[in-house]
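Rule-based calculations on the coordinates, nothing more; no lab input. Everything numeric in this text was worked out from a predicted model, so none of it was measured. When we count neighbours, we look across all protein chains shown, and the Cβ atoms used for this are built from the backbone with ideal geometry, even at glycine.
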Amino acid sequence: MRKRILLFLIFFIIVFLVIFSLMNGAVKTSLKDITDVFFNGSANTPDYIRTIIMDIRLPRIIMALLVGMMLASTGTVVQTVYQNPLADPYIIGISASATFGAVLAFILKVPDLMYGVFAFVSCVITSFLIFRLSNAGKKLNTATLLIVGIAVSSFLGAFTSFAMYMIGEDSFKIIMWTMGYLGGATWSKILFMIIPLVFSITVFLYFRNDLDLLMSGEEEAHSMGVNVSRLKKSMLVITALVVAFSVAFSGMIGFVGLIVPHTVRLLFGCSNKKLIPLSTITGGLFLLACDTISRLVLAPMEIPIGIITSFFGAPFFLYLAFNKKGGMNR
Amino acid sequence: MWDISTQEVCFAYGGKINILNNMSISIRKHSFSAVMGPNGCGKSTFIRNILNFYTPQKGSIEIRGINIKGMKPTEMAKIVSFIPQKSSLSADLTVRDLIMMGRVVHIKNKWIGFTRHDKEIADNLVEQLNLEKFADRSALSLSGGEFQRVLLARALAQEPEILLLDEPTSSLDMKYCMEIMAIVRELTVKKELTALAVLHDLNMTAMYCSDIFFMKDGSVRYHGTPRQVYTSEIIKDIYGIDALILKTEEGTPFIVPKTHPAIPAKKEKEMAYV
């Protein structure tokens with residue numbers, strides 16, 4: 001019962017946030033403007049209001065929801081694969097590799113939509129490298145995880161920084177990649193992100209029970225009928241795909257994949273059947289909230305969203321690292 | 001006739017020293033067999049070879065006459081289930097959820113997931129193993145003995161024909177230890193399954209197991225019933241201990257060490273500093 005109420009609350013907050021976010025910003029719009037634009041065509045509202053709502057704010061809100069969903073769901077799965085609640089694509093360096101791929105694509109001047117593909121290739125390579133480095137994905141202790149994460153992030157970050165340095169004044173786009181930015185949302189980008197999101201959530205849910213078994217460790221999972229290495233590898237490829245697309249279109253946004261699954265685990269338990277959908281929804285909610293904050297706190301100036309999530313996420317990370325209690329033991 | 005049979009199995013981690021050295025063993029159907037021997041003699045490694053978790057470099061392993069090489073984990077898990085000494089479970093699941101894990105291998109349609117039949121089996125096991133009290137509690141909050149019983153329930157949920165146990169009772173007190181041993185024995189006597197366990201407690205093993213395999217340096221040295229293999233000579237050879245073999249009223253042997261084993265020289269020196 002309590003869980004039902006929580007679930008209802010999550011939906012309610014999302015709806016509220018979407019409306020609030022549509023209304024507020026550098027230009028304020030009224031609730032009437034919004035209903036007019038959506039339901040009465042644009043006859044009664046000025047064109048600029050329509051543009052703000054339909055072409056700027058709404059795509060951005062949807063983008064925030066989608067990226068949040070992607071980050072939270074992949075965080076959940078990566079934590080299961082590495083059997084460590086601190087494993088998150090951002091922390092173990094997968095996000096940094098996606099940025100590296102995207103920056104490479106930018107330097108090579110390929111079309112925008114190819115950024116995702118470049119990021120994906122770089123992500124898959126790095127994921128498997130991390131997987132090998134970390135003792136083939138066996139239950140990982142936190143120290144190994146962090147060492148690998150720092151090393152990979154720094155190494156790939158060096159390339160990204162070098163690119164920024166060489167490009168000089170025009171490096172705004174790269175800076176946005178390293179800080180996370182949802183301002184560039186367009187309907188076509190949204191379309192490009194929905195595909196990996198829907199695909200990955202479907203696959204994650206399909207394997208929900210196998211992922212549960214993985215939480216008992218490799219040996220026991222194997223004895224209960226899971227082809228452990230194949231499952232882990234396929235999960236890594238899919239998480240790489242999702243992280244790559246989210247980073248290519250919105251930059252590195254840290255800690256979402258850490259805060260959200262952990263909170264959901266505490267509230268709803270560890271079973272992946274519930275954890276995956278709930279993390280996904282809550283992830284969308286969380287990132288939309290962060291994005292709304294990033295737009296409004298210093299309006300009309302915007303704070304890159306990665307700064308907001310890191311601001312909340314890093315202390316949370318410390319808390320998790322030093323607090324033995326939690327949904328998933330180490 | 002044989003439920004598990006291995007022929008000259010050799011296994012080494014990373015291709016170095018052989019942990020298993022021409023390990024040949026045959027396990028009778030519906031027996032409760034124990035593999036015993038000193039620490040590091042390859043018992044646990046052997047169990048993991050039978051589980052197909054490791055692949056032997058040489059030799060063959062057959063389960064019910066079928067070579068397990070190339071058998072898929074899903075095929076294996078329907079015949080063989082496994083109970084570790086200590087589960088590496090890292091997630092906070094309820095006891096019922098944990099038992100349901102054993103049903104995953106029987107899921108026919110992954111989109112639908114568990115059926116009512118699966119839930120019934122789990123419910124029956126909860127009842128059968130006296131777990132009603134904990135069924136909806138977090139598995140990680142249970143005591144060692146209760147947790148082992150849950151693991152047993154999970155293993156039985158797989159509806160296996162063979163149960164492999166790796167030191168299932170090593171961290172349990174006497175009561176819980178006997179409880180687990182008694183349940184497994186009953187399952188074999190009722191001819192529901194065959195059990196092969198790595199065990200350490202010689203006296204407990206004598207009470208419950210029908211067949212004993214003594215291992216040393218990666219191969220079987222002696223095998224037989226407890227009465228046949230519990231002799232001073234064999235215990236001396238396997239463990240390097242002088243022991244007295246006594247008998248209970250029913251004739252079950254039990255072993256009392258006569259002397260302390262020699263403390264290795266280096267240890268003695270360290271102790272002198274203390």
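One table, with the values for the structure above:
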quantity	calculated
Estimated [θ] at 222 nm from DSSP helical runs (n ≥ 4, -39500 (n - 2.57)) normalised by residues in the protein assembly as shown, nearest 500	-17500 deg cm²/dmol
Rounded if a/c under 1.5, otherwise prolate or oblate - segment A:51-158, Cα gyration tensor axes	oblate
A:ALA299 versus A:SER154: modelled label distance in nm, points set 7 Å from Cα along the beta carbon direction	4.2
Among A:MET301, A:MET54, A:MET193, residue whose mean-square fluctuation peaks in a GNM of chain A (springs only between Cα atoms under 10 Å)	A:MET301
Charge-dipole axis of the protein assembly as shown as Lys and Arg at +1 and Asp and Glu at -1 on Cβ define it, positive-most pick from B:LEU125, B:LEU196, A:THR144	A:THR144
Per principal axis, descending, Cα span of the protein assembly as shown in whole Å	99, 52, 51
Crossing angle, helix A:58-82 versus chain A [Cα axis fit, 0-90 degrees, rounded to tens]	10
Charge-dipole axis of segment A:231-330 as Lys and Arg at +1 and Asp and Glu at -1 on Cβ define it, positive-most pick from A:GLY283, A:VAL242, A:LEU231	A:LEU231
Rounded to the nearest 20 debye, dipole of chain A from Cβ charges on Lys, Arg, Asp, Glu	860
Cα gyration tensor category, rounded, prolate or oblate, for chain A with a/c compared to 1.5	oblate
Which of A:ALA96, A:VAL198, B:GLN228, positive extreme of dipole for the protein assembly as shown (C-beta unit charges)	A:VAL198
Low-density loop cleavage sites - trypsin sites (Lys or Arg not before Pro) in segment B:102-172, where at most 13 other Cβ are within 10 Å (DSSP)	B:LYS108, B:LYS110, B:LYS133
Estimated dipole of segment A:1-140 in Debye, rounded to 20 [Cβ of Lys and Arg +1, of Asp and Glu -1, Cα centre]	560
Helix axis angle, A:187-206 relative to chain A longest principal axis, alpha carbon, degrees	30
Tilt relative to chain B, helix B:174-189 - C-alpha long axis, 0 to 90 degrees, to 10	70
